Amino acid sequence: MTKSFGAIRALRSAQFELRAGEIHALAGENGAGKSTLMNIIDGILQPDGGEIRIDGQPVRIDSPAAAQALGIGFVHQEIALCADISVAENIFMSRTATSRRLLMGGGDLIDRAAKVLAPLADIDPRLPAGQLSISQQQLVEIAKALTLDCRILILDEPTAALTEHEAQKLFGIMRGLAARGIGIIYISHRMAEILGTCDRVTVMRDGQHIRTDRVTDVTPSDVVNAMVGRQRDALFPPKLAEPPGDEILRVEGLSDLRFRNVSFSLKRGEILGLGGLIGAGRSEIARGLTRLEGKATGRVWLHGVEVQLRDYADCIQRGIVYLSEDRKGDGVFLDLPIAANIAALDLRRVAGRFGVINAARETAQARRIGQSLQLKAASPAHRVASLSGGNQQKVALAKLLAVEPKVILLDEPTRGVDVGAKAEIHGILRGLAEAGVGILVISSELPELIGLCDRVLVVSEGRITGELTGPAITERNIMTLAAPGALAASETIQ
Amino acid sequence: MTATTPERSFLSRLFGARETGLVLIILVLFLIMSGASEHFMTWPNMRAMAMAFSVEAIVVVGMTILLISGGIDLSVGSVTALSMVVAGLLFLNGVNPWIAALVAIGVCAGIGAVIGFFVTVVGLHHFIVTLAAMVIARGLCLLGTGGRPLGLYNLPEGFKWIGIGSIGVIPVAIVIFVIVVAVFDFLLRRTTAFRLVYYTGSNEKAAAYSGIRTKRVIFLTTVLCSTLCGVAGVIYMARFGSAQPTFGVGMELNVIAAAVIGGASLSGGKGSILGAILGAVLLSLVSSSLALLNVSVYWQDIIRGSILLAAVTFDHYLVKRQAAGGRA
Amino acid sequence: MTATTPERSFLSRLFGARETGLVLIILVLFLIMSGASEHFMTWPNMRAMAMAFSVEAIVVVGMTILLISGGIDLSVGSVTALSMVVAGLLFLNGVNPWIAALVAIGVCAGIGAVIGFFVTVVGLHHFIVTLAAMVIARGLCLLGTGGRPLGLYNLPEGFKWIGIGSIGVIPVAIVIFVIVVAVFDFLLRRTTAFRLVYYTGSNEKAAAYSGIRTKRVIFLTTVLCSTLCGVAGVIYMARFGSAQPTFGVGMELNVIAAAVIGGASLSGGKGSILGAILGAVLLSLVSSSLALLNVSVYWQDIIRGSILLAAVTFDHYLVKRQAAGGRA
Amino acid sequence: AQDGLRCEPGETYVMNVMVMGHPYWVPVFEGFKQAAAALGCEAVFSGTPDYDITKQIASFEQDLVKNPKGILLHPMQADPFIDPINRAIDSGISVTTFAADSPKSKRTAYITSDNLAEAAFAAEEIVKTVGDSAEYAVLENPGQSNHDLRVTALIAYMEKNYPNMKLVGRQATNQDTNAAFTAVSAMLQANPNLAAIWIPEAGSAEGAVAAMKAAGKKLMIIHADITPTTLEEIKAGNIHMALNPNQGIQGFVGFMNTFLGAQPGLIDPFNDYKVSGFNPMQIPFVDNGFAVITKDNAESFVLEAYMDGRG
Ligand SMILES: Nc1ncnc2c1ncn2[C@@H]1O[C@H](COP(=O)(O)OP(=O)(O)OP(=O)(O)O)[C@@H](O)[C@H]1O
Ligand SMILES: Nc1ncnc2c1ncn2[C@@H]1O[C@H](COP(=O)(O)OP(=O)(O)OP(=O)(O)O)[C@@H](O)[C@H]1O
Ligand SMILES: [Mg+2]
Ligand SMILES: [Mg+2]
C-alpha cells in the first residue's frame, strides 16, 4: 500500500493482515501512517498503489458506504458526531443511511440506543451529542460502531480519551466480538493495553511495515524499539527528590455548577495530578479556574499574591494557561498554518514595532518549539489539518509553551501522543517544573498520573475526595477515591 | 431533533421550542392588529393575507430543506421567473398548458442539477454557484421574452384554477400550499431519507463516515429547491395570467429570512418546515398589517426591519430559556 | 498566511496561489479584449473602468475583513446610501461638507455598532441582523429624503475634488482606493491586531481558548465594515454631486461575490484583501467589456453568469493544483 | 453633414439607458433606429443591464471612448450625469436626454411625455368615473423620479381641484406584482368604499387586478405604461384605462434632436450663438405626448404585433 499527500509519503510499503476473530494491534509513532492506512481501508482515502483483499478477494473500496457494505466498521481517531442531533440518532446514523424502512423509529430508537450504550457508560441517549464531554462522545463513537453488523472493526485510538475503567469495559466487549469471529484492528499508544488485550501486534514506522508478532512473543521494549527504530530509556523522568519549594498557585473554595469547594496549591518543582472518572468535573475545574467557562467563585493566589482573574485573556497575561482536552474543537486552528497556531496566544512575541508581524520570527519560533516537542511536520507553513492526530496535539501544546507560562493546566496533555514523544513531553514538563513553572496535569491515563506526578488529587462528582503522594499514588487508591460516593471512604486511605 | 427531548409543555409538545416562540409572537401581532383595525379579523382579509404568501411559502420549503443540508440558493427568484417564462412561452407556442408547466418544472429541476453538479462534483460553494445561476437564469428570462412580460390571458380556465380558483371558500393556491407544507413537514420529521439531510448538514464528515452518500444528499436537496421554485412559478403564472421576466428580484433574501426566523441555521443541520412557514407568516403578516393600517411608505421599511429584529431577539431568548429549562 | 510559505514561483511569491489564478484570468481577459476592441486599451477606457469599481472596492475591503472574522453584512448597500443621505441633508442645512461627511461616517459606524451589539451581546446571526439593518437603513434614507434624490450641485469644488478631481492624470477616487487597499492589505497580512481576525474566523472557540476576546474582534470588524461603507458613501456623494436614497440596491451580492472569488470563505478564517480586489476587478472588467462590445443585453446576463462560474471553477482547480504542488 | 440632413458613412448615434432589458426601451429604440435609417446613420443601443448608477456612468464614458456623433441618454439620476454629459459636449458629442433629465448639465435637449399632464388627465378621468367625492388610493415606487412625479402630481391635483376626494391608501410596491397584490388586498379590506386607484407603472397594476378579482370587488384601476397582461385586462374591462407615453415618437424625435445637436452648422438662428460660442440647437423641453388606452384601442398596443409588423 502506498499513499502520498503531495510530497509527503505517508505510506511507502505498508501491509497489514487481519484474521477472523483476532484482535490485532497496530502500533507506531505519531505520523507513522496508521490512520492513513485505516482511512484507505474505509474508503475515505484512495491509495496511490496497492490492494485490499477480503477473504482473498481483491476489493475496491471507494467510500465509507462501500466499506460498510463489505462489513467494515470504523471508530475514527477524530471524533465526528452531529452535534445538534441526539445521541440515539448519532448511534444509528449508519443504520438509517442503509435502512429500507421509510419512517424513523420514535421512542424505540432511544431504547435501542440505551441498550447499546448500557455496557459502556451511563449517557442519556436523548441529549444532543454536542452537550457531551469529549470522553462521552468517544464512547458514543464506539457504540455507533458496535451497532454495525461488521466483520472487521477498526478502532483508531478509542481509549485516548477514556479512563482505565471505561477502557476495561471496552476490552470486555472487544473480546466478546472477537469470540464471535469478528476481526478487530486496534490502534493505541498505550503499551499495556496492546499487550494485555490483543493477540498480535504490527508495528509501523515511516509508512512502512516493520514487524508483526504474537504479543506473547514480545516485550514492551521490543515494540517500542521497533517503533522508534532505536533503544529507548526509561519512560518517565525521575520524580522530585527533595520536598517541593515555594507555593506558586493556591486556589481556595472554587465553586461553580458542576464542582464545589475545590482547594489546592501548586508548589515549585512538583507536578500535580488530577485524577478521576469520566465526568467527574476535572475539566470543568480547570476551565472554571481560567474563566473559560461559567462563573466560578473562590479565591486564587499567584506567587502568594491574591489575584482577581477577569477572563482567560487576563489569565494568559498573568502566565496561567490551559490546554484543552478537545484539540479539534477548541485546541487548534485546523485551517491555519502551524506557525500561526503556535503564535496565537501572544503575537507580540513574533512582532516587531507597531505590532507588525515578523514572518521569520514566527517561523523560527514554530521551528524551535516544534523541535523540542518532536513535531513531525514538513514545514511550519503547513496547515494543522494536514498533521497526524498526535502531531496536532503537539501543536496544541506548543501554543501554550510559546508564551513561557508560569502555571500550566494540562487537560489530557498526551492524548494520542506516541510513547516516544510522550516521554519527551513528560521530560519537558519535568524540566519546566524544576525551572519554577507550576504544572497541573489532568489525565485519564492512570500510568501517566502514577509515573509522572509527585502528588495526585482525586476528583469525584465535582469534589476533591483525596490527596495521594509518593508511594500512595497507586491505581487502587486512585480508583477507590474516584468511585462515586468516595468522599466518605477517603479517610481510610491516608 | 425536537422529537427526542423529554417532558415538555403542551404548546411546545405541539410545536417545539422554536415554533412556540414564533406562534406567540404571531398571536400577539394578531391581537394588536385586531384591536387596531376592525377589518383585520375578517375572512376576506385572512384570505388575502394567506394568498399573499402561500406561493412563496413553497419556495420557503425548498430553501429550508436546502439550508438544513448546509446549502443555500440565491437563484430562487430568477428560477421562479424562468419557470413562468418557459411555461408561458411554450403555451404561447401552442403547447398544452399542463404539459408546458411540467416542462417548466423540469427545466428548473435541470438548473438545480447543474447547480448541484458544480457544488458536489466541482466542489464550489453554493453561494457563488447559485449567484451565477441567479444571473444566468435572469438572462435566460430576458432572452426568452425580449424583456417583455408575456400576456397569458388566454390560459384555459381549468389551468388558471390552480392560481385563482377556490375549493369551497378555500383558494386552491392555499390548498396546494397546505399540502406541500404538510407533506414536506412530515417527510422531514419522520422519514429516514430526509433524516439524512439533517445528518449531512449537521456534520458532513460525520455523515460521510457513517456511510451516507453526502454529495448525493446535497445534490438532491439542491435539485428539490429549484424544482419547488418551478412549481411556485407555475402557480404564479396561473394566478397572474402573465409571465414576467423580472419577477422575484430580491425574493431570495425574503425566503432565507423566513427560514432563519423559523430556526434554520446558515451553517446547516438545523431548521424545520413548520418553523420556516411560521417565519414566512410573520414576515407576511407584518407587511399586510402595515398596508392595512396604511402606514406611510417612509416608515414601513423602518418598522418592518425593527419588527424583524425584535422578533428574532425575543425568539432567541425564548429558545435559550426553554433550552436551559429543558436541561434542568 | 501565505507570507510564511517557503520556496514558490515568482508570481505566487508576489500574490499567493489564489491571487495568481485571478491575475491569470484577468490577464487573459485583457488580452482577449485588446484584440476584440481597439478602444479597450485606451487611457479613457481604463479610467472609466477603474472609476466604476474604485469606490465599491472600499466596501469590498470592509466586507472581506468581516467575512474573514466569520461575519457577513447584507446592509452595505443601504448603509452606503444612508451615508450619502445624511451627509447631503446636513450640507443642505448649512453644515460644512467636510464635517457633514465626518458625521455621516460616524452615523454609519453607529449602525455598525448596533449590528455588532445584536451579534455579539444578544447572540443573533450576522445574516439576520444585517438583513434587518438593510431594511431599516433603506427606510431611513427614504424618510430623510422623501424618496427623492438630493441635489448637491453646490458642494464646494474642494469637496467634489475627492470624487471627480485628479492628481495629475490619476483620479483622486482611484488614489483613495489604492491607499485604502494598500493600507488594509498590509494591516491584515502583517499586524498582530488583524491577525486576531483570522484566528477568530477560523475557529472562534479555539480563539477564545487562546485568550482572544473574540466578541470584541467580531464587534470591531462589524463596525469597520459599516464605517468603510460610510467612507464610500461620502466619496460617491462627492462624485455624483447628489445623494440618492435608492443607491446601492443589490450591492451586497456584488461585494460578497468579489470577496468570495478572491478567496474569502463564507465560513470565516480565509481571504485576503488583494484577492478580493482582484475579484472586484474581474467582475467589473466583465461588465465593462460586455458594455464596450455592445453585446446584446439579452445575452449579457448569461455571459456574465457563465464567466463568473468559469472563473471560479478555473481558479478552484488552479488553487487545488498549487496546493498539492506547494506541499512539496 | 455637408449635404444637409444626411450622415456621412459610419456616423454613429448611441441610445444609452439603464436596466437595458426593460421592455420600455424597445419601441423607443425602434423609433430611434427608424429616424437613423432615414438619415443614413448608424444606431447603437447601449447602457447597463443593472439598476446601478456607477455602471451606467461607466457605460456612458465607454460610449464616449468610441467617439460617436451623438448620444440619446436616459440618465438614471440627474446630478451624477452633469459632469459626464458636460465632458461629452465639450468633446463635441451631442447629448439629448429622454424620459429623465439632467437639467443642470449642458445637454442640448430633453424629450419626454409630461408626467404632470398624465397625472392631471388621470385625475380628471377618476373624477369623471367615480364622482368628485370618492375614496381613492395610489401605489408608488419611491426613488424613481417619473413614477414619483406621476403620483405626487395626481395627489396635489386632487387636493387643489377636488378637495372632497379622499386619499385612503398610499403604498410602495416598487413594480413588484406580488407586493402590489398584498397591498391592494389590504387596501380593499381596510376601505370598503375604495373606488379608484392610480398606479404609476404596469407591474403593480397586474398585482392590483389580481387582488381586485380575488376580493370579488369592483375598483377603477388606472395606470401608466402597459404590459400584455394589463392590455388584456383592459380589453376584459377589469382595468379602466392606461396612459402610455408615445415611445416611438420619443425615440424618433429623440434621434432628431440628437442629430440636430450634432450639426450646429445647419441652422443660423436669430441669436447671439456666434458671438457667445454655444450650440444653437438648444431645445429645453419636447413633449412627445401620451396615448390613452381603453378597451376600444387596446389592440393597437400589442408590442408583439408591432414588432412582427416591423420585421
Ligand atoms: N490530509 C493530509 N494532507 C497532508 N498530509 C497528511 C494528511 N493526512 C495525513 N498526512 C500525513 O501523513 C502522515 C501519516 O499520518 P497518519 O495520520 O496516518 O499518522 P498516524 O500513524 O495515525 O499518527 P497518530 O498516532 O499521530 O495518529 C503524517 O506525516 C501526516 O502529516
Ligand atoms: N456543555 C455541557 N452541557 C451539559 N453538561 C456538560 C457540559 N459540559 C460538560 N458537561 C457535563 O459535566 C460533567 C463534568 O464534565 P468534565 O468534562 O469536567 O469531566 P472530566 O472529569 O473532565 O471528565 P472527562 O473530560 O474525562 O469526561 C460531565 O458529566 C459532563 O457530561
Ligand atoms: Mg492517527
Ligand atoms: Mg475532561
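The values are calculated or read from the model by the stated rules, or taken from the named source; none is laboratory data. The shown structure was predicted, so the numbers you read here are calculated from the model rather than taken from an experiment. Quick reminder, even Gly has a Cβ in these numbers, built from the backbone with ideal geometry, and neighbours come from all protein chains shown.
Among the residues making up the stretch D:221-274, those that are free of Cβ contacts under 8 Å to residues at least 24 places away in the same chain, in a loop (DSSP other than H, G, I, E, B) and either of a type outside the set (Gly, Ala, Ser) or under 24 Å from D:Val14 (Cα atoms) (or both) are D:Ile267, D:Asp268, D:Pro269, D:Phe270, D:Asn271, D:Asp272. Is it the case that some residue within the stretch A:43-59 is farther than 23 Å from A:Glu325 by Cα and crowded, with 22+ Cβ neighbours inside 10 Å? Within the stretch A:43-59 (the criterion being farther than 23 Å from A:Glu325 by Cα and crowded, with 22+ Cβ neighbours inside 10 Å), the answer is yes, since at least one residue qualifies. The residue list A:Ile320, A:Ile357 contains one member that is touching a helix residue (DSSP H, G or I) at 6+ places or on another chain (Cβ under 9 Å) and more than 9 Å from chain C (Cβ to nearest Cβ), which is A:Ile320.
So is B:Val114 closer than 24 Å to C:Ala311 by Cα, touching a Phe, Trp or Tyr at 6+ places or on another chain (Cβ under 9 Å) and more than 14 Å from chain D (Cβ to nearest Cβ) or not? I'd like the intermediate steps shown before the answer.
Working: closer than 24 Å to C:Ala311 by Cα: yes; touching a Phe, Trp or Tyr at 6+ places or on another chain (Cβ under 9 Å): no; more than 14 Å from chain D (Cβ to nearest Cβ): yes.
Spelling it out, it is not the case that B:Val114 is closer than 24 Å to C:Ala311 by Cα, touching a Phe, Trp or Tyr at 6+ places or on another chain (Cβ under 9 Å) and more than 14 Å from chain D (Cβ to nearest Cβ).
Testing A:Gly331 on (1) closer than 18 Å to A:Leu397 by Cβ; (2) more than 16 Å from ligand 3 (Cβ to nearest atom), one condition comes back false. Which one is that? The one condition A:Gly331 does not meet is (2). Away from ligand 4 (no atom under 16 Å from the Cβ), farther than 30 Å from A:Glu412 by Cβ and more than 8 Å from chain B (Cβ to nearest Cβ) - does that describe any residue in the stretch A:119-126? The answer is no; no qualifying residue exists.
A:Thr36 falls short on exactly one of the conditions (1) surrounded by fewer than 18 Cβ atoms within 10 Å (Cβ to Cβ); (2) within 16 Å of ligand 1 (Cβ to nearest atom); (3) on the phi < 0 side of the Ramachandran plot, and that condition is (1).
For the stretch A:360-395, a residue qualifies if it is within 16 Å of ligand 3 (Cβ to nearest atom) and within 14 Å of another protein chain (Cβ to nearest Cβ), and the qualifying residues are A:Ala377, A:Val384, A:Ala385, A:Ser386, A:Leu387, A:Gln392, A:Gln393, A:Val395.
Would you check if A:Leu440 is buried (at least 24 other Cβ atoms within 10 Å of the Cβ), within 14 Å of chain C (Cβ to nearest Cβ) and closer than 25 Å to A:Ile285 by Cβ? Considered against the rule, which asks whether it is buried (at least 24 other Cβ atoms within 10 Å of the Cβ), within 14 Å of chain C (Cβ to nearest Cβ) and closer than 25 Å to A:Ile285 by Cβ, A:Leu440 comes out as no.
Inspect all residues belonging to the stretch C:43-62 and state whether any of them is in a loop (DSSP other than H, G, I, E, B), at pLDDT below 90 and within 13 Å of another protein chain (Cβ to nearest Cβ). No: zero hits.
Of all residues in the stretch B:258-278, how many are under 10 Å from the mean Cα position of the chain (by Cα) and under 13 Å from B:Leu308 (Cα atoms)? First the steps, then the outcome.
Initial filter on the stretch B:258-278 (under 10 Å from the mean Cα position of the chain (by Cα)): B:258-259, B:273, B:276-277.
Then drop every residue that is not under 13 Å from B:Leu308 (Cα atoms), which leaves B:258-259.
So the count comes out to 2.
Of the residues making up the stretch A:274-295, those that are assigned to a loop (DSSP other than H, G, I, E, B) and near ligand 2 (Cβ under 6 Å from one of its atoms) number 4. In the stretch A:153-239, counting only strands (runs of 3 or more DSSP E) that sit wholly within it, none holds 1 or more residues that are within 16 Å of ligand 3 (Cβ to nearest atom) and without any contact (Cβ under 8 Å) to a residue 24 or more places away in the chain. Evaluate the following for D:Ala100: is it touching a residue at least 40 places away in the same chain (Cβ under 8 Å), in contact with a Phe, Trp or Tyr (Cβ under 6 Å, 6 or more places away or on another chain) and surrounded by fewer than 22 Cβ atoms within 10 Å (Cβ to Cβ)? When the stated conditions are applied, D:Ala100 does not pass them.
The number of residues in the stretch A:296-317 that are in a strand (DSSP E or B) and either within 14 Å of another protein chain (Cβ to nearest Cβ) or of a type outside the set (Gly, Ala, Ser) (or both) comes to 8.
Looking across the stretch A:40-86 at every residue that is away from ligand 3 (no atom under 16 Å from the Cβ), more than 9 Å from chain B (Cβ to nearest Cβ) and hydrophobic (A, V, I, L, M, F, W, C), the one that is nearest to A:Leu11 (Cα to Cα) is identified as A:Ile52. The residues of the stretch A:408-437 that are of a type in the set (A, V, I, L, M), away from every other protein chain (no Cβ under 14 Å) and either away from ligand 3 (no atom under 16 Å from the Cβ) or part of a strand (DSSP E or B) (or both), listed by number, are A:Ala423, A:Ile425, A:Ile428, A:Leu429, A:Leu432, A:Ala433, A:Ala435, A:Val437.
With respect to (1) surrounded by 20 or more Cβ atoms within 10 Å (Cβ to Cβ); (2) away from chain C (no Cβ under 14 Å), the lone exception for A:Lys3 is condition (2). Quick check on B:Gly70: is it modelled with pLDDT of 90 or more, part of a loop (DSSP other than H, G, I, E, B) and in contact with a His (Cβ under 9 Å, 6 or more places away or on another chain)? Spelling it out, B:Gly70 is indeed modelled with pLDDT of 90 or more, part of a loop (DSSP other than H, G, I, E, B) and in contact with a His (Cβ under 9 Å, 6 or more places away or on another chain).
Looking at A:Val459, is it among the hydrophobic types (A, V, I, L, M, F, W, C), more than 30 Å from A:Gln371 (Cα to Cα) and at pLDDT 90 or above? Steps first, answer last, please.
Values: among the hydrophobic types (A, V, I, L, M, F, W, C): yes; more than 30 Å from A:Gln371 (Cα to Cα): yes; at pLDDT 90 or above: yes.
The answer is yes for A:Val459.
Residues of the stretch D:230-245 that are farther than 30 Å from D:Val286 by Cα and at the interface with chain B (Cβ under 9 Å from one of its Cβ atoms): D:Glu232, D:Glu233, D:Lys235, D:Ala236. Set side by side, the residues B:Leu274, B:Leu282, B:Leu290, B:Leu228 differ, and just one is assigned to a helix (DSSP H, G or I), buried (at least 22 other Cβ atoms within 10 Å of the Cβ) and within 11 Å of another protein chain (Cβ to nearest Cβ), which is B:Leu290.
Starting from residues that are crowded, with 24+ Cβ neighbours inside 10 Å and in contact with a helix residue (DSSP H, G or I) (Cβ under 7 Å, 6 or more places away or on another chain), keep the ones in the stretch D:58-72 and report whichever is nearest to B:Leu140 (Cα to Cα). Can you show your working first?
Let us first name the residues in the stretch D:58-72 that are crowded, with 24+ Cβ neighbours inside 10 Å, namely D:58-60, D:62-63, D:70-72.
Now drop any that are not in contact with a helix residue (DSSP H, G or I) (Cβ under 7 Å, 6 or more places away or on another chain), which leaves D:58-60, D:62, D:70-72.
On the way: D:Ala58: 25, D:Ser59: 22, D:Phe60: 25, D:Gln62: 26, D:Gly70: 32, D:Ile71: 29, D:Leu72: 28 Å.
For the stretch D:58-72, the residue satisfying everything is D:Ser59.
Filter the stretch B:26-38 down to the residues that are surrounded by fewer than 17 Cβ atoms within 10 Å (Cβ to Cβ) and over 24 Å from B:Ile261 (Cα atoms), then identify the one that is farthest from the other protein chains (Cβ to nearest Cβ). It comes out as B:Gly35.
Annotation: A:Val215 fulfils all but one of (1) surrounded by 16 or more Cβ atoms within 10 Å (Cβ to Cβ); (2) modelled with pLDDT of 85 or more; the unmet one is (2). Taking the listed residues A:Ile285, A:Ile338, A:Ile278, the one that is in contact with a helix residue (DSSP H, G or I) (Cβ under 6 Å, 6 or more places away or on another chain), β-branched (Val, Ile, Thr) and in the same structural domain as A:Gly427 (by TED's automatic domain parsing) is A:Ile278, with no other qualifying.
Residues that are outside any loop (DSSP other than H, G, I, E, B), among the polar types (S, T, N, Q) and at pLDDT below 90 occur in the stretch D:41-55; there is at least one.
Restricting to the stretch D:190-224, name every residue that is closer than 18 Å to D:Gln171 by Cβ, of a type outside the set (A, V, I, L, M, F, W, C) and at pLDDT 90 or above.
Result: D:Asn193, D:Pro200, D:Glu201, D:Ser204, D:Glu206, D:Gly207, D:His223.
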